[in-house]
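Undergrad: One structure coming up, written as structure tokens, with questions to follow.
Bear in mind these aren't lab numbers, they're just calculated from the coordinates by the rules spelled out. All of these numbers come straight from a predicted model, not from anything done at the bench. Here the Cβ is made from the backbone with ideal geometry for all residues, glycine too, and neighbour counts use every protein chain on show.
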Amino acid sequence: MSLPEDFQFEKVFEVGAYQVHPNGNIRISCLADFFQEIAWKHADFEGFGRSLLEQQLMWALSRIEIKVSHFPRWGDRLRIFTGGRGQAGAFAFREFLVWNEQKEVVARAMSSWLLVHIEKKRILKPESVLPRALFNPQDAPSWQPIKLEPSGPILHTSILQVQHSDLDVYNHVNNTSYIRWVENSAATQGIFPTQLAVNYLSECKGGDVVHLTHLGSGNSPFFQGRVQDKLVFEAQIQFE
């Protein structure tokens, strides 16, 4: 079976009871969990995933934008597609597409990744490990996650401490944990976003105390997370 829109890899997921809001809709952070899982599966299958650890290399998610047109619900089976979408400078782009069982598009996402040397903390050229056929360095996508520029009055502040369950295999805060923090903060104010963008700016580790600020106005406010004076991430949501 050919895949839609030149996507290169697919996997079927089922939305579990532990992945939904009380209203039965999937949490965006759990949708991002699916994206992370299929990205690793595709990278492993093509030889540029966990095997890079032997060279002290890792992929770091730099930015992601997620747009949900119809929220999947508990028990829904989702077919998720992913594929390389070229490169621009140090960024390698990966897109995601989500179908429901009727083959209707319910969500899309675009992400940009950096290739990092784990020990030297140095950013390398992604074409040094990526297959050109999947990530053409001369072919950057028209949709690229943007650099966020938060502004506006402070609406809400909170403090949280990084827990062990927030960490990934590199002992850093998992990219989906930041999304969960934003979702939780928004939900306490009765806000449930349909779109979310995140810029990951600096590493965050277990035990760190994160000062989370909600700022802006209207239906597209921002969030900033700081550890002491270090800005670790910025996010923007949109809601109806």
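Undergrad: All other residues with a Cβ under 10 Å from the Cβ of Ala43 taken together, and with Lys, Arg as +1 and Asp, Glu as -1, what is their net charge?
TA: In short, +1.
Undergrad: Next up: Relative contact order for the stretch 154-238 using alpha-carbon pairs under 8 Å, separation at least 6, rounded to a whole percent?
TA: Here the relative contact order equals 35 percent.
Undergrad: Moving on. What does the helix-only formula give at 222 nm for the chain: each DSSP H stretch with n ≥ 4 adding -39500 (n - 2.57), the total divided by the residues, and the result rounded to the nearest 500 deg cm²/dmol? Spell out each step's value before the answer.
TA: Details: 2 runs with 32 residues, N = 240.
Taking each H run of at least 4 residues, the total per residue is -4500 deg cm²/dmol.
Undergrad: Ok, one more. Where does each of Ser112, Ser69 land when they are ranked from fewest to most other beta-carbon atoms within 10 angstrom?
TA: Taking fewest neighbouring Cβ atoms as first place, the list is Ser69, Ser112.
Undergrad: Follow-up question, since we're still on this one. Which GluC sites (Glu not before Pro) does the stretch 76-143 hold that lie in a coil by DSSP with at most 16 other beta carbons within 10 Å?
TA: Here the sparse-neighbourhood loop sites are Glu101, Glu104, Glu119.
Undergrad: While we're here: Over the chain, with a Gaussian network built from C-alpha contacts below 10 Å, which listed residue (Trp59, Trp113, Trp143) shows the highest mean-square fluctuation?
TA: Trp143
Undergrad: Among Tyr18, Tyr200, Tyr170, Tyr178, which comes first, then next, by fewest other beta-carbon atoms within 10 Å?
TA: Tyr18, Tyr170, Tyr200, Tyr178
Undergrad: Can you compute the charge dipole magnitude of the stretch 4-128 about its Cα centre, using +1 on each Lys and Arg Cβ and -1 on each Asp and Glu Cβ, nothing else charged? Give it in debye, rounded to the nearest 20.
TA: Dipole size: approximately 360 debye.
Undergrad: With the Cα gyration tensor of the chain giving a ≥ b ≥ c as the square roots of its eigenvalues, does the rule (a/c under 1.5 for rounded; else a/b larger than b/c for prolate; else oblate) give rounded, prolate or oblate?
TA: The shape class here is oblate.
Undergrad: Please state the relative contact order of the chain as a whole percent: Cα pairs under 8 Å, 6+ residues apart? Numbers along the way, then the final one.
TA: On the way: 510 pairs, mean separation 44.1, N = 240.
Normalised by residue count, the contact order of the chain is 18 percent.
Undergrad: Sticking with this structure for a sec: Going by C-beta contacts inside 10 Å, put Ile154, Ile123, Ile64 in order with the fewest on the left.
TA: Values: Ile154 10, Ile123 15, Ile64 26.
The fewest-first ordering by Cβ neighbours comes to Ile154, Ile123, Ile64.
Undergrad: Ok, one more. Suppose the Debye formula is applied to equal point scatterers at every Cα of the stretch 128-216; what is log10 I(q)/I(0) at q = 0.22 Å⁻¹?
TA: -1.20
Undergrad: Something else: What is the magnitude of the charge dipole of the chain about its Cα centre, with +1 placed on the Cβ of each Lys and Arg, -1 on the Cβ of each Asp and Glu, and no other charges, expressed in debye to the nearest 20?
TA: Here the size comes out at about 260 debye.
Undergrad: Output ³J(HN,Hα) for the stretch 56-71: one whole-Hz value per residue in order, computed from phi by the Karplus curve 6.51 cos²θ - 1.76 cosθ + 1.60 with θ = phi - 60°, and x for Gly and Pro.
TA: Each residue's phi maps through the Karplus curve to give 6, 10, 8, 9, 10, 5, 9, 8, 8, 10, 10, 10, 10, 9, 8, 6 Hz.
Undergrad: Let me ask something additional. Once you list every other residue whose beta carbon is under 13 Å from the beta carbon of Phe71, what net charge do they have if Lys and Arg are +1 and Asp and Glu are -1?
TA: Net local charge, Phe71 excluded: -1.
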